[in-house]
1. Kindly state which strands (runs of 3 or more DSSP E) lie completely within segment 143-261 and contain at least 2 residues that are within 27 Å of L283 (Cβ to Cβ) and not aliphatic (A, V, I, L, M).
2. Please enumerate the residues belonging to segment 125-177 that are aliphatic (A, V, I, L, M), open to solvent by 30 Å² or more (accessible area, probe 1.4 Å) and more than 21 Å from T94 (Cα to Cα).
3. Any residue that is of a type in the set (D, E, K, R) and in contact with a strand residue (DSSP E or B) (Cβ under 9 Å, 6 or more places away or on another chain) - is there at least one of those in segment 59-73?
4. Considering every residue within segment 27-48, establish whether at least one is at pLDDT below 90, assigned to a helix (DSSP H, G or I), closer than 22 Å to E125 by Cβ and in contact with a helix residue (DSSP H, G or I) (Cβ under 7 Å, 6 or more places away or on another chain).
5. So which of A187, A228 is surrounded by 13 or more Cβ atoms within 10 Å (Cβ to Cβ) and either in contact with a strand residue (DSSP E or B) (Cβ under 6 Å, 6 or more places away or on another chain) or not aliphatic (A, V, I, L, M) (or both)?
6. Mind listing whichever residues of segment 52-69 are under 14 Å from D18 (Cα atoms) and surrounded by 12 or more Cβ atoms within 10 Å (Cβ to Cβ)?
Amino acid sequence: MVSMIDRYLLRYFLAVIDTGNFSKAATQCNVSQPTLSVGIAKLERLLDRPLFHRTNRRVELTEAGAQFAVHARRIESEFNLAERNLVGGAGQRTFRLGLLVTIPSPWVSALTVRFAQHLAEERVELIEGRERDLLERLARHRIDAALTIVRPDERRFASEVLLTEGYSLALPQTHPHAGEPVIAAEALADSTMIVRRQCELLPETSRHFIARGVRPFFAARTMSDDHALALVRGGLGLTVMPDGFVAPGVVRARLADFDFTRSLGILYAARDDGMPLQASPTLSTLREVFPSIESHA
(Lines give C-alpha, C1' and ligand atoms only; values in the text may rest on other atoms or scores of the structure.)
Protein backbone atom coordinates (compact mmCIF):
# COMPACT_ATOMS: atom_id res chain seq x y z
CA MET A 1 0.00 0.00 0.00
CA VAL A 2 1.40 3.40 -1.04
CA SER A 3 1.59 6.02 1.70
CA MET A 4 0.35 9.55 1.15
CA ILE A 5 2.65 11.46 -1.22
CA ASP A 6 3.43 15.07 -0.36
CA ARG A 7 2.88 17.58 -3.13
CA TYR A 8 6.44 18.89 -3.01
CA LEU A 9 7.66 15.43 -4.04
CA LEU A 10 5.51 15.61 -7.16
CA ARG A 11 6.96 19.03 -7.95
CA TYR A 12 10.51 17.72 -7.56
CA PHE A 13 9.69 14.76 -9.80
CA LEU A 14 8.12 16.92 -12.54
CA ALA A 15 10.96 19.45 -12.36
CA VAL A 16 13.52 16.71 -13.06
CA ILE A 17 11.49 15.60 -16.09
CA ASP A 18 11.11 19.14 -17.43
CA THR A 19 14.72 20.25 -16.93
CA GLY A 20 16.49 16.97 -17.67
CA ASN A 21 18.76 16.87 -14.63
CA PHE A 22 18.78 17.19 -10.87
CA SER A 23 20.83 20.38 -10.71
CA LYS A 24 18.51 22.44 -12.93
CA ALA A 25 15.47 20.91 -11.23
CA ALA A 26 16.77 22.00 -7.83
CA THR A 27 17.25 25.55 -9.11
CA GLN A 28 13.73 25.60 -10.51
CA CYS A 29 12.31 24.39 -7.19
CA ASN A 30 14.47 26.82 -5.17
CA VAL A 31 16.10 24.04 -3.14
CA SER A 32 19.61 22.60 -2.97
CA GLN A 33 20.46 19.63 -5.15
CA PRO A 34 20.97 17.30 -2.13
CA THR A 35 17.51 18.28 -0.85
CA LEU A 36 15.93 17.47 -4.19
CA SER A 37 17.83 14.19 -4.48
CA VAL A 38 16.63 13.15 -1.02
CA GLY A 39 13.08 13.99 -2.06
CA ILE A 40 13.27 11.91 -5.23
CA ALA A 41 14.73 8.99 -3.24
CA LYS A 42 11.86 9.30 -0.76
CA LEU A 43 9.32 9.25 -3.60
CA GLU A 44 10.92 6.13 -5.06
CA ARG A 45 10.75 4.43 -1.67
CA LEU A 46 7.08 5.35 -1.30
CA LEU A 47 6.32 3.90 -4.73
CA ASP A 48 8.71 0.98 -4.20
CA ARG A 49 10.27 1.33 -7.63
CA PRO A 50 12.92 3.46 -9.39
CA LEU A 51 11.60 6.39 -11.41
CA PHE A 52 14.78 7.45 -13.21
CA HIS A 53 17.75 5.90 -14.97
CA ARG A 54 20.64 8.08 -13.79
CA THR A 55 23.64 8.74 -16.03
CA ASN A 56 26.45 11.28 -15.90
CA ARG A 57 24.91 13.42 -18.64
CA ARG A 58 21.15 13.16 -18.19
CA VAL A 59 18.42 11.34 -16.33
CA GLU A 60 15.78 9.30 -18.14
CA LEU A 61 12.45 7.95 -16.95
CA THR A 62 12.06 4.27 -16.24
CA GLU A 63 8.90 2.56 -17.44
CA ALA A 64 7.41 3.03 -13.98
CA GLY A 65 8.50 6.68 -14.01
CA ALA A 66 6.80 7.32 -17.36
CA GLN A 67 3.57 5.79 -16.07
CA PHE A 68 3.71 7.78 -12.85
CA ALA A 69 4.44 11.03 -14.75
CA VAL A 70 0.98 10.92 -16.34
CA HIS A 71 -0.68 10.76 -12.94
CA ALA A 72 1.68 13.32 -11.40
CA ARG A 73 0.89 15.93 -14.05
CA ARG A 74 -2.83 15.38 -13.69
CA ILE A 75 -2.62 15.67 -9.90
CA GLU A 76 -0.52 18.85 -10.09
CA SER A 77 -2.94 20.34 -12.61
CA GLU A 78 -5.87 19.60 -10.30
CA PHE A 79 -3.99 21.17 -7.38
CA ASN A 80 -3.39 24.34 -9.39
CA LEU A 81 -7.00 24.54 -10.50
CA ALA A 82 -8.29 24.01 -6.95
CA GLU A 83 -5.98 26.72 -5.59
CA ARG A 84 -7.13 29.25 -8.16
CA ASN A 85 -10.78 28.50 -7.55
CA LEU A 86 -10.41 28.81 -3.78
CA VAL A 87 -8.22 31.89 -3.81
CA GLY A 88 -10.09 33.64 -6.59
CA GLY A 89 -13.41 33.58 -4.87
CA ALA A 90 -16.85 33.16 -6.40
CA GLY A 91 -17.26 34.80 -9.79
CA GLN A 92 -13.62 35.92 -10.01
CA ARG A 93 -10.83 34.13 -11.82
CA THR A 94 -7.12 34.42 -11.13
CA PHE A 95 -5.01 34.89 -14.25
CA ARG A 96 -1.36 33.91 -13.82
CA LEU A 97 0.76 36.14 -16.04
CA GLY A 98 4.46 35.47 -16.50
CA LEU A 99 6.51 38.64 -16.80
CA LEU A 100 9.92 38.79 -18.50
CA VAL A 101 12.54 40.23 -16.14
CA THR A 102 14.00 42.45 -18.88
CA ILE A 103 10.82 44.45 -19.41
CA PRO A 104 11.49 48.03 -18.22
CA SER A 105 10.13 48.83 -14.75
CA PRO A 106 8.13 51.91 -15.90
CA TRP A 107 6.31 49.70 -18.40
CA VAL A 108 5.47 47.21 -15.65
CA SER A 109 4.21 50.05 -13.45
CA ALA A 110 2.00 51.41 -16.24
CA LEU A 111 0.55 47.96 -16.89
CA THR A 112 -0.27 47.29 -13.25
CA VAL A 113 -2.08 50.64 -13.00
CA ARG A 114 -4.29 49.63 -15.91
CA PHE A 115 -4.86 46.18 -14.41
CA ALA A 116 -6.06 47.77 -11.18
CA GLN A 117 -8.38 50.13 -13.05
CA HIS A 118 -9.98 47.77 -15.52
CA LEU A 119 -9.87 44.18 -14.28
CA ALA A 120 -12.73 43.83 -11.82
CA GLU A 121 -13.75 40.33 -12.94
CA GLU A 122 -10.28 38.77 -13.12
CA ARG A 123 -7.43 39.01 -10.64
CA VAL A 124 -3.88 39.06 -11.98
CA GLU A 125 -1.03 37.16 -10.38
CA LEU A 126 2.35 38.25 -11.78
CA ILE A 127 5.17 35.69 -11.89
CA GLU A 128 8.54 37.14 -12.90
CA GLY A 129 11.14 35.07 -14.72
CA ARG A 130 13.75 34.86 -17.44
CA GLU A 131 12.67 33.77 -20.91
CA ARG A 132 13.56 30.12 -20.37
CA ASP A 133 11.88 30.04 -16.96
CA LEU A 134 8.62 31.37 -18.40
CA LEU A 135 8.64 28.82 -21.22
CA GLU A 136 9.07 26.01 -18.70
CA ARG A 137 6.22 27.36 -16.57
CA LEU A 138 3.96 27.59 -19.62
CA ALA A 139 4.80 24.02 -20.62
CA ARG A 140 3.90 22.82 -17.12
CA HIS A 141 0.72 24.95 -16.98
CA ARG A 142 2.10 26.85 -13.99
CA ILE A 143 1.15 30.13 -15.70
CA ASP A 144 -1.65 30.93 -18.13
CA ALA A 145 0.30 33.28 -20.38
CA ALA A 146 3.61 35.11 -20.54
CA LEU A 147 4.52 38.63 -21.56
CA THR A 148 7.88 37.75 -23.03
CA ILE A 149 9.95 37.49 -26.20
CA VAL A 150 8.08 35.99 -29.14
CA ARG A 151 10.35 33.96 -31.42
CA PRO A 152 9.31 32.63 -34.85
CA ASP A 153 10.65 29.15 -34.09
CA GLU A 154 8.64 28.74 -30.85
CA ARG A 155 5.59 26.72 -31.97
CA ARG A 156 4.50 25.08 -28.73
CA PHE A 157 2.30 28.00 -27.75
CA ALA A 158 -0.04 30.44 -29.43
CA SER A 159 1.54 33.89 -29.72
CA GLU A 160 0.80 37.54 -30.41
CA VAL A 161 3.47 40.16 -31.07
CA LEU A 162 2.67 43.48 -29.38
CA LEU A 163 5.79 45.56 -30.15
CA THR A 164 9.28 45.25 -31.56
CA GLU A 165 12.29 47.21 -30.33
CA GLY A 166 16.01 47.33 -30.99
CA TYR A 167 19.09 47.25 -28.78
CA SER A 168 21.44 50.17 -28.28
CA LEU A 169 24.16 51.55 -26.05
CA ALA A 170 23.36 53.13 -22.70
CA LEU A 171 26.07 55.62 -21.75
CA PRO A 172 26.54 58.13 -18.94
CA GLN A 173 25.94 61.65 -20.19
CA THR A 174 29.58 62.49 -19.36
CA HIS A 175 30.95 59.83 -21.74
CA PRO A 176 33.14 61.29 -24.53
CA HIS A 177 30.90 59.73 -27.22
CA ALA A 178 27.59 60.55 -25.53
CA GLY A 179 26.61 63.12 -28.19
CA GLU A 180 27.04 60.77 -31.15
CA PRO A 181 23.93 59.07 -32.62
CA VAL A 182 25.88 56.01 -33.83
CA ILE A 183 29.05 54.64 -32.19
CA ALA A 184 31.33 51.92 -33.52
CA ALA A 185 32.44 49.18 -31.14
CA GLU A 186 36.09 50.01 -31.92
CA ALA A 187 35.59 53.51 -30.51
CA LEU A 188 34.72 51.96 -27.13
CA ALA A 189 37.93 49.95 -26.73
CA ASP A 190 39.01 52.03 -23.74
CA SER A 191 35.57 52.26 -22.15
CA THR A 192 34.51 50.43 -19.02
CA MET A 193 31.42 48.27 -19.43
CA ILE A 194 28.65 46.78 -17.30
CA VAL A 195 27.36 43.26 -17.95
CA ARG A 196 23.59 42.66 -17.79
CA ARG A 197 23.76 38.97 -16.89
CA GLN A 198 20.06 38.37 -17.56
CA CYS A 199 20.26 39.81 -21.08
CA GLU A 200 18.80 37.43 -23.67
CA LEU A 201 21.31 38.80 -26.22
CA LEU A 202 24.43 38.49 -24.07
CA PRO A 203 26.30 35.96 -26.29
CA GLU A 204 25.65 38.01 -29.43
CA THR A 205 26.76 41.22 -27.71
CA SER A 206 29.98 39.60 -26.53
CA ARG A 207 30.75 38.22 -29.99
CA HIS A 208 30.11 41.63 -31.58
CA PHE A 209 32.80 43.33 -29.49
CA ILE A 210 35.30 40.44 -29.59
CA ALA A 211 35.04 40.23 -33.40
CA ARG A 212 36.15 43.86 -33.53
CA GLY A 213 39.06 43.37 -31.17
CA VAL A 214 37.37 45.03 -28.21
CA ARG A 215 37.89 43.32 -24.86
CA PRO A 216 36.85 45.88 -22.25
CA PHE A 217 37.15 45.89 -18.50
CA PHE A 218 33.86 44.94 -16.85
CA ALA A 219 33.29 47.07 -13.76
CA ALA A 220 30.11 45.28 -12.72
CA ARG A 221 27.95 42.25 -13.49
CA THR A 222 24.35 42.64 -12.44
CA MET A 223 21.09 40.72 -12.67
CA SER A 224 19.04 43.91 -12.27
CA ASP A 225 18.34 46.29 -15.14
CA ASP A 226 17.44 49.03 -12.65
CA HIS A 227 20.87 48.58 -11.09
CA ALA A 228 22.48 48.63 -14.55
CA LEU A 229 20.83 51.97 -15.32
CA ALA A 230 21.89 53.34 -11.93
CA LEU A 231 25.50 52.28 -12.55
CA VAL A 232 25.49 53.87 -15.99
CA ARG A 233 23.93 57.06 -14.62
CA GLY A 234 26.60 57.17 -11.92
CA GLY A 235 29.34 57.02 -14.54
CA LEU A 236 30.70 53.56 -13.73
CA GLY A 237 30.46 52.35 -17.32
CA LEU A 238 28.25 51.69 -20.32
CA THR A 239 26.14 48.74 -21.41
CA VAL A 240 23.90 47.43 -24.19
CA MET A 241 20.16 47.35 -23.45
CA PRO A 242 16.82 47.20 -25.25
CA ASP A 243 15.71 50.64 -26.44
CA GLY A 244 12.86 50.83 -23.93
CA PHE A 245 15.20 51.47 -21.01
CA VAL A 246 15.51 55.19 -20.35
CA ALA A 247 16.58 57.19 -17.30
CA PRO A 248 17.75 60.72 -16.45
CA GLY A 249 21.49 61.01 -16.95
CA VAL A 250 21.59 58.05 -19.36
CA VAL A 251 22.16 58.67 -23.07
CA ARG A 252 21.08 56.15 -25.70
CA ALA A 253 23.03 55.73 -28.95
CA ARG A 254 23.02 53.15 -31.71
CA LEU A 255 25.83 50.58 -31.76
CA ALA A 256 27.12 50.44 -35.34
CA ASP A 257 26.30 47.22 -37.25
CA PHE A 258 24.36 45.85 -34.29
CA ASP A 259 20.91 45.39 -35.80
CA PHE A 260 19.32 42.92 -33.42
CA THR A 261 15.73 43.42 -32.35
CA ARG A 262 13.33 41.67 -29.99
CA SER A 263 9.61 41.17 -30.40
CA LEU A 264 7.66 41.35 -27.15
CA GLY A 265 4.23 39.85 -26.90
CA ILE A 266 2.01 37.15 -25.44
CA LEU A 267 2.60 33.42 -25.34
CA TYR A 268 -0.17 31.26 -23.94
CA ALA A 269 -1.46 27.73 -23.62
CA ALA A 270 -4.86 26.26 -22.80
CA ARG A 271 -6.23 26.85 -19.29
CA ASP A 272 -7.29 24.00 -17.03
CA ASP A 273 -10.74 25.52 -16.51
CA GLY A 274 -11.46 25.65 -20.23
CA MET A 275 -11.68 29.44 -20.47
CA PRO A 276 -10.66 30.70 -23.94
CA LEU A 277 -7.55 32.74 -23.28
CA GLN A 278 -8.30 35.12 -26.13
CA ALA A 279 -11.27 36.35 -24.06
CA SER A 280 -9.24 37.01 -20.92
CA PRO A 281 -9.58 40.60 -19.63
CA THR A 282 -5.89 40.49 -18.72
CA LEU A 283 -4.85 39.80 -22.30
CA SER A 284 -7.34 42.35 -23.62
CA THR A 285 -5.69 44.98 -21.43
CA LEU A 286 -2.22 43.96 -22.64
CA ARG A 287 -3.35 44.25 -26.26
CA GLU A 288 -4.83 47.66 -25.56
CA VAL A 289 -2.00 49.34 -23.67
CA PHE A 290 1.27 47.56 -24.39
CA PRO A 291 1.81 48.58 -28.02
CA SER A 292 1.62 52.27 -27.00
CA ILE A 293 3.27 51.95 -23.59
CA GLU A 294 6.78 52.52 -25.01
CA SER A 295 6.01 56.13 -25.86
CA HIS A 296 4.11 56.95 -22.68
CA ALA A 297 5.97 55.11 -19.87
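The values are calculated or read from the model by the stated rules, or taken from the named source; none is laboratory data. What you see is a predicted model, and the numbers here were worked out from it, not measured in a lab. Counting neighbours? That spans all protein chains shown, and the Cβs are built from the backbone with ideal geometry, glycine included. For accessibility, only protein heavy atoms count, side chains too; no ligands or nucleic acids. Shrake-Rupley method; radii C 1.70, N 1.55, O 1.52, S 1.80 Å.
1. Because the criterion is at least 2 residues that are within 27 Å of L283 (Cβ to Cβ) and not aliphatic (A, V, I, L, M), the strands (runs of 3 or more DSSP E) in segment 143-261 that meet it are 158-172.
2. Scanning segment 125-177 gives a single hit, V161.
3. Yes, segment 59-73 contains at least one residue that is of a type in the set (D, E, K, R) and in contact with a strand residue (DSSP E or B) (Cβ under 9 Å, 6 or more places away or on another chain).
4. yes
5. A228 is the lone residue from the list that is surrounded by 13 or more Cβ atoms within 10 Å (Cβ to Cβ) and either in contact with a strand residue (DSSP E or B) (Cβ under 6 Å, 6 or more places away or on another chain) or not aliphatic (A, V, I, L, M) (or both).
6. If we filter segment 52-69 for residues that are under 14 Å from D18 (Cα atoms), which is where we start, we get 52, 58-61, 65-66, 69.
Within segment 52-69, F52, V59, E60, L61, G65, A66, A69 qualify.
Yes/no per residue for (1) open to solvent by less than 60 Å² (accessible area, probe 1.4 Å); (2) out of contact with any strand residue (DSSP E or B) (no Cβ under 7 Å at 6 or more places or on another chain); (3) not small (G, A, S):
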site	(1), (2), (3)
D6	no, yes, yes
Y12	yes, yes, yes
A15	yes, yes, no
A26	yes, yes, no
V38	no, yes, yes
L46	yes, yes, yes
